[in-house]
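J.: One structure follows; several queries about it will come next.
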Amino acid sequence: MRRDVQLRTATPEDLEWIHELRHRVYAEELGQHAPDPAGRLRDGLDGDNVYLVAARGEARLGFVSLTPPWLGRYGLDKYLDREELPLLAEPDVFEVRILTVEPRWRSTVAAPLLMYAALRWIAARGGRRVVAMGRTELLDMYVSAGLRPVGRTVRAGAVTFEVLTGEVAALTRVVRDRHGSVVERLRSRVDWRLDVAFEPRPDGCEHGGASFTAIGTDFRDLHQRHRVVAADVLDAWFPPAPGVRAALAEDPDWAARTSPPTGAEGLLAEIATARALPVETLAVGAGSSDLIFRAFGRWLTPDSRVLLMDPGYGEYAHVTERVIGCRVDRFRLRREEGWRIDPERLSAAVGAGRYDLVVVVNPNNPTGRHTPAAELRAVIAGAPERTRWWIDEAYLGYVGTGESLAELAATDRRVVVCSSLSKMYALSGVRAAYLVAEPDTAASLRRWTPPWQVSLPAQLAAVAALRDPEHYRECRQRTHVLRGRLAAGLAGLDGSLVVEESVANFLSVTLPSGGPSAARLVAECRRHDVYLRDLSPLSPEYRGRTVRVAVRDTAENARIVAAFGAALDALRPGPGASGAAAPAGLPVAGGAR
């Protein structure tokens, strides 16, 4: 099928046309700027901002400019100071600027497509809010797209602009609800050359595990799993304990057809023994996500206010913002501070008592940093009584259970600890997790737990795993060794890469600002059947350039390093390369891949 409109990031050749078109429209046509003898219009953000271009064949239709927050300055700074427009000081605001279409193409889909492309590009970089200046005579178009005036008007030459803003999630819903049929029709017509899927996931929450697209979610060709390196999800590289395999293999027919203990009583007792906790402080679920949805759905409403770490595990933002609709704030973790949680800054953030819930993943996913238990205990001790704390310890086993806050959670009504058995015990496929809370809180959640919530195979596997701590201790020690070797292999590929080890079973690699985006690197690695995780959608702190890599075994780690190196070579621009073509593996017409 013919795809008659191409969306791409601007090439060097496009930039000359952009400057010329800007002069024709904003100097000659609208009188916003004084004419320039050279017939070109540039500004101080050129070279730092990003231009997206719509084209049809050789004809360029229009462009839009995007200014990311990490530049530290916006086009609006020329007209308003930060006191007049304080949202510009927020770290996740992207500016959309100078949407411009050639006169002959203004009645076509060019402008809507550029607006949609800008929204998708921003979402893929973790943006949560946009700000823009819209010409007053075009205000209806912007309002229809979901933007709203903030009450500030800007005059530039002969043109008057309204300052507009919108939440990325809300704008995405407007596109889906008001213009979904149009987007669906356009999908087949667009040659989509951007490093983000044409459409977001239906639930709006990005996860790892894309490697299953190569294996097949219909499970008809499971042998494909042997050719894929699934380093985009944090499943254990090691096998479960021998007792787990024995329990599952002893009578699989019986395990498949038999209903499990209704309330997972044996599993609860085994957790209590292994963790030296009263059984009445425990509740179990089919993975930590099950517990998150169940607990948060009981505790929170759209009027609740929640504080999340940023960057942080995306499921928490999804549940609180998109599912429940809470008011969510972010506590910024900064690369220059080693991604650590600053206890004093966190204490100050929660001290006013604004928050109903604070979520801390420790060790954090995706940064891989661990906050000492003593520091968290001190912050919680000084926090208001009304604030509940959810401590996710899915990866704590890589640090040591001595750093757990489970004992505190068993007695303090404000604290709940969630612990996944999936990742630490190589049980991701069977799904098992538990939480620790004071007895009344735990009992309330058990009342809202359906019978047979944890399957019989999962209960059998989890009990057997908990009975063999030595097996997992050795696996964790081996993981630390493998992670170090993987980090060294990746760092040796290119001196411009920044490789950051975590304390758990993963590491991150940040690409240089002049190199390919994380999305393009991930797509290129898939050509080698190596699946990595682009962290960009989780937070603007990653600036679209950080990849998370799960630790695998020695052979698969070698494949990761080889694929990463081959991808860097393939994406390194050659003489005369424009960088406009979509790399293989990226969606060029729609749906996520």
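The values are calculated or read from the model by the stated rules, or taken from the named source; none is laboratory data. Predicted model, so just to flag it, every value in this text is computed and none were measured. Note that we place each Cβ from the backbone using ideal geometry, even for glycine, and neighbour counts take in every protein chain shown. With ligands, DNA and RNA removed, areas are computed over all heavy atoms of the protein, side chains included. Shrake-Rupley method; radii C 1.70, N 1.55, O 1.52, S 1.80 Å.
J.: Name, by its number, the condition in (1) over 18 Å from LEU538 (Cα atoms); (2) open to solvent by less than 30 Å² (accessible area, probe 1.4 Å); (3) charged (D, E, K, R) that does not hold for ASP310.
T.: ASP310 satisfies every listed condition except (1).
J.: Residues in the stretch 133-167 that are out of contact with any Ser or Thr (no Cβ under 8 Å at 6 or more places or on another chain) and either in a strand (DSSP E or B) or surrounded by fewer than 13 Cβ atoms within 10 Å (Cβ to Cβ) (or both): how many?
T.: Residues meeting the conditions: 17.
J.: Name the residue that is farthest from ASP46 (Cα to Cα), counting only residues in the stretch 93-105 that are among the charged types (D, E, K, R) and without any contact (Cβ under 8 Å) to a residue 60 or more places away in the chain.
T.: The residue in question is ARG104.
J.: Return the only residue of ALA110, ALA132, ALA118, ALA123 being in contact with a helix residue (DSSP H, G or I) (Cβ under 8 Å, 6 or more places away or on another chain), under 22 Å from VAL25 (Cα atoms) and modelled with pLDDT of 90 or more.
T.: The conditions single out ALA132.
J.: Would you check if GLU58 is open to solvent by 70 Å² or more (accessible area, probe 1.4 Å), within 34 Å of the chain's Cα centre (by Cα), of a type outside the set (A, V, I, L, M) and more than 22 Å from ASP77 (Cα to Cα)?
T.: no
J.: I'd like the residue in the stretch 515-526 that is open to solvent by 20 Å² or more (accessible area, probe 1.4 Å) and either modelled with pLDDT of 95 or more or under 12 Å from SER211 (Cα atoms) (or both) and, out of all such residues, is nearest to the chain's Cα centre (by Cα).
T.: Result: ARG520.
J.: Now, a different point. Would you confirm, using the coordinates I've provided, whether ARG345 is assigned to a helix (DSSP H, G or I), surrounded by fewer than 20 Cβ atoms within 10 Å (Cβ to Cβ) and out of contact with any strand residue (DSSP E or B) (no Cβ under 6 Å at 6 or more places or on another chain)?
T.: So ARG345 passes the test.
J.: Can you name the residue in the stretch 221-239 that is assigned to a loop (DSSP other than H, G, I, E, B) and touching an Asp or Glu at 6+ places or on another chain (Cβ under 6 Å) and, of all such residues, is nearest to PRO469 (Cα to Cα)?
T.: Restricting to residues being assigned to a loop (DSSP other than H, G, I, E, B) and touching an Asp or Glu at 6+ places or on another chain (Cβ under 6 Å), the top hit is TRP237.
J.: Does the stretch 168-186 contain at least one residue that is outside any helix (DSSP H, G or I) and crowded, with 19+ Cβ neighbours inside 10 Å?
T.: No, that holds for no residue.
J.: Got a sec? Which of PRO583, PRO575 is out of contact with any Ser or Thr (no Cβ under 7 Å at 6 or more places or on another chain), open to solvent by less than 40 Å² (accessible area, probe 1.4 Å) and either assigned to a loop (DSSP other than H, G, I, E, B) or modelled with pLDDT under 95 (or both)?
T.: Step by step, each of PRO583, PRO575 is checked, and only PRO583 is out of contact with any Ser or Thr (no Cβ under 7 Å at 6 or more places or on another chain), open to solvent by less than 40 Å² (accessible area, probe 1.4 Å) and either assigned to a loop (DSSP other than H, G, I, E, B) or modelled with pLDDT under 95 (or both).
J.: Oh, and also: With the requirement that a residue be open to solvent by less than 20 Å² (accessible area, probe 1.4 Å) and among the hydrophobic types (A, V, I, L, M, F, W, C), what does the stretch 88-118 give you?
T.: The answer is LEU88, VAL93, PHE94, VAL101, ALA110, ALA111, LEU113, LEU114, ALA117, ALA118.
J.: While we're on this one: Quick check on my filter: what residues within the stretch 82-92 are touching a residue at least 60 places away in the same chain (Cβ under 8 Å) and outside any helix (DSSP H, G or I)? So that I can check it myself, show each step before the final result.
T.: Initially, the stretch 82-92 is screened for residues touching a residue at least 60 places away in the same chain (Cβ under 8 Å), giving 84-85, 87, 91-92.
Within the stretch 82-92, GLU84, LEU85, PRO91, ASP92 qualify.
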